[in-house]
Amino acid sequence: MDDLHTSADKLHTSADELTRRAVDYISGLFSGNAGGHDAAHTMRVYRNALRILEEEPGADREVVLLAALLHDADDHKLFATKDNANARRFLAANGVPEERADRICEVINAVSFSANRGRVPYSVEGRIVQDADRLDAMGAIGVARTFAYGGEHGRPLGDSVQHFYDKLLLLKGLMNTETGNRLAERRHAFLEAFLKELEEEGGKESI
Ligand code: NI
């Protein structure tokens, strides 16, 4: 962020410029974190959201993209912030009006799997970002992230495999958008193929 910008300049920040600044902001926020919730995860969620947006013309594009970019900026596993403080700091510093920041934070708060116990976000923007985030827990990326997270927390490989059954295999049935559903098919099939192969090699009891 550039302190030399006057507030009048900030009001005229283009959507693309705002997105670019959000990418810089989250890169700084996550620097040094090698876990599954890092800047690369955020960028994959952002790209998933862009794909889903192509088929959801009624959605507020700026809200979706900023929520996708900021969705883990206050993740409780990484930051001890309250009330989306990191996300709000970025939005306020870039002249995003408070009511719009509230909407973006509502979307962010509707996305979390654990916090929402399977409740479907009421806004189309929330449903898109939730799908975008969930897609990143599936497929080859999902496998890599699950074992990286387990390793980081000192868990045996078998515990990470259990996570497939407890959460990852359920995600396909929880997608909100048509695009999300379609993208989830292939990623789900890969999770199943991985587990089948693991079974061939001795199953989770063997690891
Ligand atoms: Ni996430």
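The numbers here are math on the coordinates, done by the rules we state, and not lab data. Computed from a prediction, not measured in an experiment: that's the story for all the values here. So basically every Cβ, Gly included, is an ideal-geometry build from the backbone, and we count neighbours across all protein chains shown.
Computed from the Cα positions only, the extents of the chain along the three principal axes stand at 64, 36, 25 Å, in decreasing order. Annotation for the range 183-201 versus the range 60-114: alpha-carbon center distance of 33 Å.
Counting charges near LYS172 (Lys, Arg +1; Asp, Glu -1) among other residues having Cβ under 13 Å from its Cβ returns a value of +2. Between helix 98-111 and the chain there is an angle of about 0 degrees, using the helix long axis and the longest principal axis of the Cα atoms. Of all the options GLY180, GLY28, GLY142, the one that moves most in a Gaussian network model of the chain with Cα springs shorter than 10 angstrom is GLY28. On C-alpha positions alone, give me the angle between the axis of helix 157-166 and the longest principal axis of the chain, in degrees, nearest 10. Computed tilt is about 70 degrees.
Across the range 57-66, rounded Karplus estimates of 3J(HN,Hα) from the backbone phi angles (6.51 cos²θ - 1.76 cosθ + 1.60, θ = phi - 60°) give x, x, 7, 7, 4, 5, 5, 4, 5, 5 Hz, Gly and Pro being marked x. Measuring nothing but how far apart in sequence close Cα pairs (under 8 Å, 6+ apart) lie, relative to its length, the range 73-207 scores a relative contact order of 20 percent.
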